[in-house]
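Visitor: I'd like to ask some things about the structure below.
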Amino acid sequence: MASYALLAKDLREHRLAALFLAGGCLIVVLILLEQNAFSAYSMSTFEIVRFSLLTFLPLIALIVGNRLVVNEYLNGTWLFVEAMPVGSFVPMLLKYVLGFVYIAVIATVMVLLAGKRAGIADDVTSDYMLLILTKTWIMVSLYWSVVFCFSLLGYLRVALYLLTAALVALLVYYPGLDSAAFPPIALMDSQLFVYERDVVPLNDMAWTLAISAVFTLAGFLLIRLGEGSVIERLAKPMTRRDYVTLGVLAASGLALASALMEENQREPINFSNAYVISLEDPNVSVLYLSEDYKESATNRAATISDLLSRLQATLALPSLPTVRLALSPSRDKHNIDYSTVDGVFITANWLEHDSYDDAILDTVILHGLLSAQTNGRGVFEPYHWVLDGFTRWWVEQGDGELDSKHRDELVARALLALEREPEAFRLITRWQLTADRFSYPSAEALAWAAMNYLEISQGRDVVVRLASEFLTHPLGSSLLASVRDTSADVQARVEAIIGMPMEQFNDGWQQWLVDQQQSDGVQLLLAEVPALVGTITSTTSTSGVRALEASYEVGEQFSGRAERLNLLPGVCVMKHERIGPFDTEFDVLDDDESRTICKTDVVAHSIGSRYTSGDRVFVALDYEGVQFHQPIRLHAQRVYVP
């Protein structure tokens with residue numbers, strides 16, 4: 001009877017808080033599921049379960065532990081509970097079970113909601129649901145056992161929570177440690193938690209349960225230790241000696257962390273080959289691999305250095321990241337790899353190119369440099385167009401005259417993109433969709449057109465001010481800096497600089513593009529592009545072989561050649577690549593492609609036996625001609641293989 005009375009006491013005391021907490025949690029989950037259903041790049045609904053387990057479910061465990069355990073000691077009511085005939089073990093066991101069941105029920109409802117809203121690609125079976133539920137319950141047991149144990153340690157619990165968070169961060173982010181070797185982290189793996197359905201991670205599950213059991217046992221041992229005197233002592237306010245001890249421990253931890261981070265600092269990437277052209281202020285190095293390319297490398301290094309020097313002076317940048325360029329003749333002509341982990345590091349075959357190609361490479365360099373300058377924040381979608389547009393604008397005309405041939409090609413490419421997707425003018429809200437649908441060269445041409453119109457209508461200084469607003473200041477590494485940046489009204493910031501409403505600006509640069517359409521150079525380029533619409537289907541033969549097929553039909557509403565397509569000097573190309581679960585904005589590579597003359601009313605491309613049921617594939621249909629330096633995207637689509 002005493003046990004029932006204790007259980008009733010806890011339920012009566014915490015029922016309202018429990019209802020509000022569970023209701024708030026489930027509302028958040030429903031909002032995330034709804035947002036995922038209508039997002040441009042939806043993911044598996046069970047990713048929301050994993051997100052919840054990593055974020056607010058541990059917070060719920062903390063709140064429950066504080067109310068069920070900590071408050072009993074702080075309010076002094078535990079002494080009355082201990083005085084009951086059942087002793088101290090049974091009341092604490094009831095609290096442990098009650099807390100675990102409460103959190104497990106919330107987690108179970110989250111999994112069921114995710115299963116209810118799952119799409120066909122998730123292939124939700126009873127075995128899969130049981131696997132997800134089991135992983136979820138095991139993680140709940142880990143969270144609750146840790147909170148239960150630490151809640152019994154009084155004023156030490158905060159320090160222990162911080163220490164645990166620091167240890168987890170060390171395991172996850174320290175390069176010298178393999179986080180996958182730690183069972184709870186391996187169980188929550190970003191790929192395997194949701195997408196592994198054939199292999200049950202018994203080892204990771206067993207070890208995670210073992211860790212939970214250790215913390216649970218430690219908590220119940222604390223209750224018995226010294227007949228509860230240790231817990232009673234820890235529940236009292238901290239003494240001066242306690243503060244000194246915690247201070248020493250904190251200082252030691254910080255010193256150890258600093259030593260580890262200092263030890264992990266690596267030397268910047270430097271070319272050690274003899275075939276290197278190096279310039280300083282700004283720091284630029286070009287690796288050319290063969291004596292035959294020394295002249296090209298020397299010219300490239302000088303051009304890049306001059307470009308960066310003028311940019312630094314114009315934007316008043318105190319310093320610039322280092323730029324390393326490796327000229328590799330073995331790479332495809334327009335295949336560029338670049339990284340901003342350590343300055344700007346680029347590998348490209350840029351040895352025999354014309355001035356338009358040089359502008360492409362210079363733009364890539366500036367893109368990487370300004371992205372690194374903002375700690376990667378320059379690619380945040382609402383002002384990614386500023387980064388793309390300004391870098392191309394600066395290379396083309398930032399400190400000189402715009403080449404008329406370059407202008408014609410950029411204008412023609414932008415017109416083709418707007419013609420096929422009229423909503424592409426929404427630079428702030430649709431940039432990722434535009435880049436995904438039409439590829440980066442066309443998205444960049446749209447952004448350049450906007451910058452060019454801004455220079456014509458408002459002057460060069462306004463373009464520079466817009467770039468200074470978004471591309472010159474590092475964001476900062478704190479959470480507060482991220483929240484402050486993402487919560488700012490980007491449109492209001494843009495309008496304050498350009499001196500006009502965004503609607504007027506969008507109308508203006510689109511009209512400027514239309515006005516350029518009748519020029520001879522633009523018409524020549526538009527006439528070379530086939531006026532085709534692509535269709536992509538996934539088929540399965542009678543023998544079970546799956547294939548992706550693409551065909552074309554004439555789109556009379558589009559510019560370009562609509563008949564006698566066999567006379568076109570270029571070819572139609574189907575590019576395809578498997579999409580990972582977290583890939584959003586995507587640019588398919590040239591590694592897998594099918595090339596053919598452009599033709600209608602027949603299957604132009606067929607890729608068989610490459611993809612299996614459940615695969616998500618990004619398929620792009622491009623036209624590669626002789627007038628445009630980069631392919632023109634005719635169609636792009638994400639295809640699910642049934």
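Visitor: Under 16 Å from the 7 Å Cα→Cβ point of LYS405, by amide nitrogen: which residues of region 360-391?
Guide: 360-361
Visitor: Quick one: length gained pulling LYS116 to MET500 fully straight, 0.36 nm per residue minus the C-alpha distance?
Guide: Working: separation 384, 0.36 × 384 = 138.24 nm, distance 4.68 nm.
Here the answer is 133.6 nm.
Visitor: Would you work out which of VAL411, PRO422, THR391 lies farthest towards the positive end of the dipole of region 388-427, given +1 charges on the beta-carbon of Lys and Arg and -1 on that of Asp and Glu, about the Cα centre?
Guide: The one lying farthest along the dipole's positive direction is PRO422.
Visitor: Sticking with the crude label model, points 7 Å out along Cα→Cβ, report the distance from ALA302 to SER519 in nm, one decimal please.
Guide: 2.9
Visitor: With the radius of gyration and the Kirkwood radius both derived from the Cα set of region 273-329, what is their ratio Rg to Rh? Display every interim value, and only then the final one.
Guide: Values: Rg = 12.0 Å, Rh = 11.7 Å.
Reported Rg/Rh, Kirkwood definition of Rh: 1.03.
Visitor: Under 8 Å for C-alpha pairs, at least 6 residues apart: give me the relative contact order for region 296-350, rounded to a whole percent.
Guide: On the way: 60 pairs, mean separation 16.9, N = 55.
With pairs under 8 Å counted, the relative contact order is 31 percent.
Visitor: Pulled fully out, how much extra length does the chain show between ARG310 and TYR161, if you take 0.36 nm times their separation in residues and subtract their Cα-Cα distance? Walk me through the intermediate numbers first.
Guide: On the way: separation 149, 0.36 × 149 = 53.64 nm, distance 5.03 nm.
The span from ARG310 to TYR161 would gain 48.6 nm if fully extended.
Visitor: Using DSSP to call loops (not H, G, I, E or B), can you name the GluC sites (Glu not before Pro) in region 372-441 whose Cβ has at most 13 other Cβ atoms within 10 angstrom? Walk me through the intermediate numbers first.
Guide: Working: sites: GLU396, GLU401, GLU409, GLU419, GLU423; in loops: GLU401.
Within region 372-441, the qualifying GluC sites (Glu not before Pro) (loop, at most 13 other Cβ atoms within 10 Å) are GLU401.
Visitor: Quick one: if you stick a label point 7 Å off each Cα along the C-beta vector at THR596 and ARG331, how many nm between them?
Guide: Each label point is offset 7 Å from its Cα along the Cβ direction, giving 3.2 nm.
Visitor: For an R0 of 30 angstrom, estimate the FRET efficiency from the Cβ-Cβ distance between ALA210 and VAL97 and round to the nearest 0.05.
Guide: Details: r = 20 Å, r/R0 = 0.65.
After rounding, the FRET efficiency stands at 0.95.
Visitor: A follow-up question, please. Please give the FRET efficiency for THR537 paired with LEU130, using the beta carbon to beta carbon distance and R0 = 30 Å, rounded to the nearest 0.05.
Guide: Values: r = 35 Å, r/R0 = 1.17.
Once the sixth-power term is evaluated, E becomes 0.30.
Visitor: Give the residues of region 287-327 whose amide nitrogen is closer than 17 Å to a point set 7 Å from the Cα of HIS473 in the direction of its Cβ.
Guide: Counting only backbone N, you get 315-319.
Visitor: Any chance you could run the full-extension gain for ARG616 through ALA492? It's 0.36 nm times the residue separation minus the Cα-Cα distance, nm to one decimal. Could the numbers behind the result be given before it?
Guide: Working: separation 124, 0.36 × 124 = 44.64 nm, distance 3.77 nm.
So the extension gain works out to 40.9 nm.
Visitor: Roughly what would the spin-label model give for ARG578 and GLN191, points 7 Å off Cα along C-beta, in nm?
Guide: 0.9
Every number here is computed from the coordinates shown, using simple stated rules; none is lab data. Only a predicted model underlies this, so the values are computations on that prediction, with no experimental measurement involved. Positions of Cβ are backbone-derived with ideal geometry, glycine not excepted, and every protein chain shown enters the neighbour counts.
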